[in-house]
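The structure appears right after this line, and notes come after that.
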Amino acid sequence: MTSYFTTPPTIVPGSLAAHPQPELTIDDLVLRPWADTDAPVFLGAYRDPAIQRWHTRQPADEEQVRTWFAQYRQAWAQERGASWAVTRDGEVLGRTALGRFDLDDGNAVCAYWVLPAARGAGVAPRALTAVSAWALGEAGFHRLHLSHSTRNDASCRVATKAGFQFEGTKRSEAVHADGRHDMHLHARIRGDDEP
Ligand SMILES: CC(C)(COP(=O)(O)OP(=O)(O)OC[C@H]1O[C@@H](n2cnc3c(N)ncnc32)[C@H](O)[C@@H]1OP(=O)(O)O)[C@@H](O)C(=O)NCCC(=O)NCCS
């Protein structure tokens, strides 16, 4: 017997993938889908010790990066996620992504990194703010959440600056190179105050 939901979906299936993944702008930043020509800079980002520390899944080489980019395109087409290159004047500064789309409840998970040379200038909070505005507005999501290690103070600042309220500590949730870490949960829901 086919199961069914007693509530309508928050986002109608097919409504996101009916359009190309949008390009987003905030101040002088342009967020656009990844292009295969970004593979060298994307691979280079994962040579940075801080990105290696906090993002335990690493690409091995440029070919694998291009496979990831193809997976990003597929994720958009299947309404599972979206990944943006954060650029300024055509130069890639970082990555902001949404994943684990749940169209029924209208939830998604956020992730980000910024290249070392671009840090400290509010790139990640502004990119996250732009993605949140699109996701909680036009796209129709209701709740976005993110998790960071309790030892990652810079990421906690990004979440707070982008209006993601602290909701609690998830004990011993994630494995990093130096063992298990407690994780902070932050979320922003539709109607929250603008950051
Ligand atoms: C966390 C990260 C995305 C922040 O991006 P960003 O664009 O530099 O964000 P901000 O400019 O708002 O800076 C955030 C905090 O980083 C710290 N910071 C400032 N300048 C910095 C620099 N040059 N280098 C490193 N950290 C710096 C500060 O604590 C700052 O908070 P403050 O503005 O309240 O002082 C970036 O440091 C990064 O990519 N880190 C490695 C990967 C990572 O942690 N990803 C998130 C996993 S959950």
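The values are calculated or read from the model by the stated rules, or taken from the named source; none is laboratory data. Bear in mind that the values here come from a model prediction, so they are computed numbers and not experimental data. Positions of Cβ are generated from backbone atoms using ideal geometry, with glycine treated the same way; all protein chains shown enter the neighbour counts. Remember, those area values only see protein heavy atoms, side chains included, never the ligands or the DNA or RNA. Shrake-Rupley method; radii C 1.70, N 1.55, O 1.52, S 1.80 Å.
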**Report entry** the range 24-189 - accessible surface per residue (Å², probe 1.4 Å)
**Finding:** 47
Query raised in the report: What value, in deg cm²/dmol to 500, does the helix sum -39500 (n - 2.57) over DSSP H runs of n ≥ 4 give at 222 nm once divided by the residues of the chain?
Result: -8000 deg cm²/dmol
Requested in this report: Rank by packing, highest mean first: peptides 171-180, 18-27, 186-195, with packing defined as the count of other Cβ atoms within 10 Å averaged across residues.
Outcome: 186-195, 18-27, 171-180
Query raised in the report: When only Cα pairs under 8 Å and 6 or more residues apart are kept, what is the percent relative contact order across the range 24-189?
Result: 18
**Report entry** Shape metrics for the range 88-169, restricted to C-alpha atoms - Rg then Dmax, Å
**Finding:** 13.0, 39
Query - Rh (Kirkwood; distinct C-alpha pairs) - the range 24-189, Å - result: 16.2
Query - Where labels lie 7 Å past Cα in the beta-carbon direction, separation of Glu62 and Glu23 in nm - result: 2.4
Report summary line: Site Asp105, offset 7 angstrom along Cα→Cβ, radius 20 Å on amide nitrogen, limited to the range 8-22, gives 8-14
Report task. Pop out the carbon and sulfur fraction of the accessible area of the chain as a percent, whole number, probe 1.4 Å. Result -> 50
